[in-house]
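Working notes, structure below.
The values are calculated or read from the model by the stated rules, or taken from the named source; none is laboratory data. Just so you know, these numbers come straight off a predicted model, no measurement behind them. Cβ placement follows ideal geometry from the backbone for every residue including glycine, while neighbour counts extend to all protein chains displayed. Heads up: the accessible areas ignore ligands, DNA and RNA and are worked out on the full protein's heavy atoms, side chains in. Shrake-Rupley method; radii C 1.70, N 1.55, O 1.52, S 1.80 Å.
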Amino acid sequence: MTSDASPDASPDASLDDLAATDPGQALARFAAGLRPEHIPAAVMRRAEDLFLDWFASVLAGKGARAVEILARVVAAQGPADGPAEILIHRRGSSPWVAATINAAASHVAEQDDVHNGSVFHPAAVVFPVALALAQARGASGRALLAAAVAGYEVGIRVGEFLGRSHYTVFHTTGTAGTVAAAATAGHLLGLDAAQMQHAFGSAGTQAAGLWEFLRDAADSKQLHTAHAAGAGLLAAELAQAGFTGARRIFDGAQGLAAGMSRDALPARLADGLGRRWALAETSFKFHASCRHTHPAADALQALLREHALAADAVAAVTTRVHQGAIDVLGPVTDPQTVHQAKFSMGTVLGLVATQGQAGLLEFDTRFRAPEVVAFRDKVTMALDPEVDAAYPARWIGKVEVRTTDGRTLQARVDEPKGDPGNTLSRPELEDKALRLAAYRDGASPAEVRAVIARCWALEADPRVGRLLPEA
């Protein structure tokens with residue numbers, strides 16, 4: 001499906017005129033005015049796919065040390081029970097508590113979705129809020145999906161607006177994600193356009209997330225998504241109660257662009273609203289690692305298969321990458337934890353070469369295995385002009401392998417597995433969900449299959465309730 005699938009009806013024909021003078025206000029009006037009937041059926045189906053993928057990613061976060069610490073502290077701030085479901089613990093709490101914990105859990109296994117152009121993981125901050133509020137308010141599945149679409153469309157555009165310079169220092173999922181969460185919550189709360197703009201202002205002033213944590217394997221990445229979901233939900237509820245936020249939070253003299261970007265593109269905030277469905281451009285993750293490693297991993301897998309090459313026949317590997325990959329992966333040279341290893345290009349390629357794949361179990365058991373470390377140390381990254389020019393719209397993978405017998409072999413991948421043009425089918429998504437749920441015993445196969453059936457009929461669900469039986 002294409003990202004510019006025609007809607008059944010325009011949410012607001014005047015958005016283009018407003019976008020020229022105040023793109024942030026146009027974005028708020030779009031998010032507030034979006035209705036399910038405006039959204040193409042194919043986009044709603046894609047939203048169901050993304051919801052299942054997110055649900056399974058949450059279950060894969062169960063038991064992770066950082067997630068459980070955060071969950072324990074956050075849960076203590078809320079009620080012992082409530083209408084919103086904490087998926088990893090199978091108990092209820094307030095929407096804020098549930099959304100915050102589910103957001104943290106969904107981002108630790110590095111299996112949640114990503115939008116290439118904005119370098120943003122929408123599901124981890126959108127669906128925790130959509131599910132928590134839908135459960136608390138007795139909303140329908142159709143309402144949940146429409147709110148999620150609003151969150152994706154807003155968050156992706158904010159990420160694109162902030163530009164490449166933003167990503168060199170800031171984790172876009174923590175920054176743009178806060179606004180995406182506010183859009184999701186605001187839509188389910190029924191905010192009007194003025195209230196939505198106030199919610200964006202309050203979300204934007206709380207936007208945060210720095211990449212420094214990668215240098216010493218800190219737990220901050222889970223805090224980024226947790227904070228974004230909770231802060232966005234708070235911003236929307238404050239706006240509903242009459243609390244005001246900055247009206248030009250994006251492009252004002254002291255707004256997000258001024259403080260967090262050197263190449264902000266205000267026109268991207270309102271790009272194709274109601275015509276271009278950015279949610280449909282979102283990619284699923286295949287390897288259990290940072291997305292920046294995936295293009296090279298796919299290319300190396302293809303090369304090893306084509307030439308029937310064993311890992312010990314490889315003398316050196318050069319990955320041709322974009323600058324964003326160097327910025328994020330470059331600091332990780334000797335990963336000390338499983339999560340840090342997911343940001344090591346050499347480790348990911350070492351697992352692919354020696355274990356056949358870079359999955360969750362491979363990371364857990366083999367990321368510091370001698371053969372993986374030996375291969376890791378053969379891998380270097382080099383900036384490639386073609387790859388860098390295509391990024392972030394396209395994530396091209398190129399590898400050059402020098403063999404022990406003196407040959408030089410090359411491979412490239414133009415669409416990594418999971419991208420819209422090389423996407424996961426529903427059977428593949430079902431298989432992935434079952435594997436993620438089994439990873440830490442988050443749910444039984446029967447429970448996951450029941451959720452799968454609900455996901456494929458989510459739009460027709462009259463009332464979103466609990467997804468899993470209580471503990």
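Go through the range 179-191 and give me each residue that's within 9 Å of ALA31 (Cα to Cα) and either open to solvent by 20 Å² or more (accessible area, probe 1.4 Å) or under 17 Å from the mean Cα position of the chain (by Cα) (or both).
Scanning the range 179-191 gives ALA183, THR184, HIS187.
Which of (1) open to solvent by 50 Å² or more (accessible area, probe 1.4 Å); (2) under 25 Å from TYR167 (Cα atoms); (3) assigned to a helix (DSSP H, G or I) is the odd one out, the single condition ARG435 does not satisfy?
(2)
If I filter the range 5-27 down to residues being at pLDDT 95 or above and within 11 Å of LEU273 (Cα to Cα), which single residue comes out as nearest to the chain's Cα centre (by Cα)?
LEU27
For the range 255-265, does any single residue satisfy the condition of being more than 26 Å from ILE326 (Cα to Cα) and either in contact with a Lys or Arg (Cβ under 8 Å, 6 or more places away or on another chain) or free of Cβ contacts under 8 Å to residues at least 60 places away in the same chain (or both)? Break it down into steps so the answer makes sense when it comes.
Of all residues in the range 255-265, those more than 26 Å from ILE326 (Cα to Cα) come to 255.
Keeping just the survivors that are either in contact with a Lys or Arg (Cβ under 8 Å, 6 or more places away or on another chain) or free of Cβ contacts under 8 Å to residues at least 60 places away in the same chain (or both) gives 255.
Yes, some residue in the range 255-265 is more than 26 Å from ILE326 (Cα to Cα) and either in contact with a Lys or Arg (Cβ under 8 Å, 6 or more places away or on another chain) or free of Cβ contacts under 8 Å to residues at least 60 places away in the same chain (or both).
Within the range 121-161, how many residues are surrounded by fewer than 24 Cβ atoms within 10 Å (Cβ to Cβ) and in a helix (DSSP H, G or I)? Spell out how you get there, then give the answer.
At the first step, the residues of the range 121-161 found to be surrounded by fewer than 24 Cβ atoms within 10 Å (Cβ to Cβ) are 135-143.
Next, only the ones that are in a helix (DSSP H, G or I) stay: 135-137, 141-143.
So the count comes out to 6.
What pairs can you find where one residue is in the range 440-452 and surrounded by fewer than 15 Cβ atoms within 10 Å (Cβ to Cβ), the other is at pLDDT 95 or above, and their Cβ atoms are less than 7 Å apart, with a gap of 6+ or different chains?
Qualifying pairs under 7 Å: PRO445/LEU434.
Is it fair to say GLY397 is without any contact (Cβ under 8 Å) to a residue 12 or more places away in the chain and not hydroxyl-bearing (Ser, Thr, Tyr)?
On the way: without any contact (Cβ under 8 Å) to a residue 12 or more places away in the chain: no; not hydroxyl-bearing (Ser, Thr, Tyr): yes.
Criteria not met by GLY397.
Looking at the range 17-39 only, could you name the residues that are out of contact with any Lys or Arg (no Cβ under 9 Å at 6 or more places or on another chain) and surrounded by fewer than 22 Cβ atoms within 10 Å (Cβ to Cβ)?
Scanning the range 17-39 gives ASP17, ALA20, THR21, GLY33, ARG35, GLU37, HIS38.
Residues to consider are GLY117, GLY63; find the one that is open to solvent by 10 Å² or more (accessible area, probe 1.4 Å), in contact (Cβ under 8 Å) with a residue 60 or more places away in the chain and in contact with a Lys or Arg (Cβ under 6 Å, 6 or more places away or on another chain). Reasoning before the result, please.
Details: GLY117 fails: in contact with a Lys or Arg (Cβ under 6 Å, 6 or more places away or on another chain).
Going through GLY117, GLY63 in turn, just one is open to solvent by 10 Å² or more (accessible area, probe 1.4 Å), in contact (Cβ under 8 Å) with a residue 60 or more places away in the chain and in contact with a Lys or Arg (Cβ under 6 Å, 6 or more places away or on another chain): GLY63.
ALA176 is checked against (1) of a type outside the set (Lys, Arg); (2) open to solvent by less than 10 Å² (accessible area, probe 1.4 Å); (3) more than 22 Å from ASP271 (Cα to Cα) and fails just one. What number does that condition carry?
Unmet for ALA176, out of (1) of a type outside the set (Lys, Arg); (2) open to solvent by less than 10 Å² (accessible area, probe 1.4 Å); (3) more than 22 Å from ASP271 (Cα to Cα): (3).
For the range 336-351, how many residues are in a helix (DSSP H, G or I) and touching a residue at least 60 places away in the same chain (Cβ under 8 Å)?
To start, the set of residues in the range 336-351 that are in a helix (DSSP H, G or I) comprises 338-341, 345-351.
Right, trim to touching a residue at least 60 places away in the same chain (Cβ under 8 Å) and you get 339-340, 348.
The total comes to 3.
Select from the range 102-114 the residues that are open to solvent by less than 10 Å² (accessible area, probe 1.4 Å) and hydrophobic (A, V, I, L, M, F, W, C) and write down the one among them that is farthest from THR168 (Cα to Cα). Please lay out each step first, then the result.
The initial filter retains those residues of the range 102-114 that are open to solvent by less than 10 Å² (accessible area, probe 1.4 Å), namely 102-107, 109-114.
Keeping just the survivors that are hydrophobic (A, V, I, L, M, F, W, C) gives 103-105, 109, 114.
Values: ALA103: 23, ALA104: 22, ALA105: 24, ALA109: 22, VAL114: 17 Å.
Ranking the candidates gives ALA105 first.
Residues being open to solvent by 10 Å² or more (accessible area, probe 1.4 Å), more than 19 Å from ASP327 (Cα to Cα) and either modelled with pLDDT under 95 or of a type in the set (Val, Ile, Thr) (or both): count how many of those fall in the range 199-243.
Qualifying residue count, the range 199-243: 1.
Can you name every residue in the range 352-361 that is in contact (Cβ under 8 Å) with a residue 24 or more places away in the chain and not small (Gly, Ala, Ser)? Lay out the reasoning, then the answer.
Going residue by residue through the range 352-361, those that are in contact (Cβ under 8 Å) with a residue 24 or more places away in the chain are 352-354, 357-361.
Those that are in contact (Cβ under 8 Å) with a residue 24 or more places away in the chain and not small (Gly, Ala, Ser): VAL352, THR354, GLN357, LEU360, LEU361.
Determine if the range 298-321 includes at least one residue that is surrounded by 21 or more Cβ atoms within 10 Å (Cβ to Cβ), within 19 Å of the chain's Cα centre (by Cα) and assigned to a helix (DSSP H, G or I).
There is no residue in the range 298-321 that is surrounded by 21 or more Cβ atoms within 10 Å (Cβ to Cβ), within 19 Å of the chain's Cα centre (by Cα) and assigned to a helix (DSSP H, G or I).
Which residues, taken from the range 352-366, are touching a Lys or Arg at 6+ places or on another chain (Cβ under 9 Å), surrounded by fewer than 24 Cβ atoms within 10 Å (Cβ to Cβ) and part of a loop (DSSP other than H, G, I, E, B)?
GLY359
Among the residues that make up the range 393-411, is at least one of them part of a loop (DSSP other than H, G, I, E, B), touching an Asp or Glu at 6+ places or on another chain (Cβ under 8 Å) and open to solvent by 50 Å² or more (accessible area, probe 1.4 Å)? I'd like the intermediate steps shown before the answer.
Just the residues of the range 393-411 that are part of a loop (DSSP other than H, G, I, E, B), to begin with: 393-396, 404-407.
Keeping just the survivors that are touching an Asp or Glu at 6+ places or on another chain (Cβ under 8 Å) gives 394-396, 404.
Next, from what is left, pick out any that are open to solvent by 50 Å² or more (accessible area, probe 1.4 Å): 394, 404.
Looking for residues that are part of a loop (DSSP other than H, G, I, E, B), touching an Asp or Glu at 6+ places or on another chain (Cβ under 8 Å) and open to solvent by 50 Å² or more (accessible area, probe 1.4 Å), one finds at least one in the range 393-411, hence yes.
Filter the range 274-285 down to the residues that are open to solvent by 10 Å² or more (accessible area, probe 1.4 Å) and in contact with an Asp or Glu (Cβ under 8 Å, 6 or more places away or on another chain), then identify the one that is farthest from ASN116 (Cα to Cα). Outline the logic, then answer.
Step one: filter the range 274-285 for residues open to solvent by 10 Å² or more (accessible area, probe 1.4 Å), giving 275-276, 281.
Imposing the further condition that a residue be in contact with an Asp or Glu (Cβ under 8 Å, 6 or more places away or on another chain) reduces the set to 275-276.
Details: ARG275: 19, ARG276: 15 Å.
Result: ARG275.
With respect to the numbered conditions (1) of a type in the set (Val, Ile, Thr); (2) in a helix (DSSP H, G or I); (3) in contact with a helix residue (DSSP H, G or I) (Cβ under 6 Å, 6 or more places away or on another chain), which one is the sole condition not fulfilled by VAL108?
With respect to (1) of a type in the set (Val, Ile, Thr); (2) in a helix (DSSP H, G or I); (3) in contact with a helix residue (DSSP H, G or I) (Cβ under 6 Å, 6 or more places away or on another chain), VAL108 is out only on (2).
Here is a list of conditions, (1) touching a residue at least 24 places away in the same chain (Cβ under 8 Å); (2) assigned to a helix (DSSP H, G or I); (3) open to solvent by 10 Å² or more (accessible area, probe 1.4 Å); (4) closer than 21 Å to ALA231 by Cα, and ALA99 meets all of them except one; can you say which number that is?
(3)
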